[in-house]
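The values are calculated or read from the model by the stated rules, or taken from the named source; none is laboratory data. None of the values given here were measured: they were computed from a predicted structure. Here the Cβ positions follow ideal geometry from the backbone for every residue, glycine too, while neighbour counts run over all protein chains shown.
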Amino acid sequence: MSVLNRVGGAASTGPAGWRTASAAVLAAALALGTAAAPAAAAALPRSAAAAAVSSASAGGFGPSGFGGVRLGMSAKKARSTKKIVYVLGSGACTGWDLKAYPGGADDVGLYISRRHGVAVIAAPKGVKTPQGVTIGSTGKRLKKAYPGIRRAANGYSTVTVPGNPKADYLFQLSRGKVSEMILALKDQDCVN
């Protein structure tokens, strides 16, 4: 799973750092107003056991959430699902992982905002959007599934989530294939 990454701990308003290339690109995109959601560069792989979990057992990725956690769900309600585990942070946002998809030491699978609740969810390998896109799908397949997709200045392809106008999908492509999928509230305040 490509995930949002921290390096060296948490800042008071969000993650202490992302992989350098991604942070710079995202900052430029946000300054241009072309993306309101997080981005991350290539990330650490998930465990083989987590990758083997099928999308059927976890549910689809979107339109409102994933793995029993929904965008906008309060931190208290998300914790009560017992499907997440704390990773890092204090202040405006905290980083978490889904228990079924544990990340490495520097990985964060989702962010919870004090203001907006669950704000950002990164997709693990093997799960699909309701339109059938998964990590590994071709760019052609992505465009067919989401005809309104646009390329943001940060290099991510973004589209409003069908069935959820309050959220965006962000897709990173590498060598013509989807290498990362993110589901994020349009007004999230965790990663910028």
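Miscellaneous remarks
- Options Gly132, Gly117, Gly176: the member that is closer than 22 Å to Ala100 by Cβ and without any contact (Cβ under 8 Å) to a residue 40 or more places away in the chain: Gly132
- Matching residues, segment 135-165, being hydroxyl-bearing (Ser, Thr, Tyr) and free of Cβ contacts under 8 Å to residues at least 60 places away in the same chain: Ser137, Thr138, Tyr146, Ser157, Thr160
- Residue match in segment 115-128 (condition: surrounded by 23 or more Cβ atoms within 10 Å (Cβ to Cβ), of a type in the set (A, V, I, L, M) and assigned to a loop (DSSP other than H, G, I, E, B)): yes
- Residue count for segment 71-114, restricted to those that are free of Cβ contacts under 8 Å to residues at least 60 places away in the same chain and in a loop (DSSP other than H, G, I, E, B): 10.
- Of all residues in segment 149-162 being at pLDDT 95 or above and not in a strand (DSSP E or B), the one that is farthest from Ile135 (Cα to Cα): Pro162
- Note on segment 74-88: residues that are in contact with a Phe, Trp or Tyr (Cβ under 8 Å, 6 or more places away or on another chain), at pLDDT below 95 and surrounded by 14 or more Cβ atoms within 10 Å (Cβ to Cβ) amount to 1.
- Any chance Gly65 is modelled with pLDDT of 95 or more and under 17 Å from the mean Cα position of the chain (by Cα): yes
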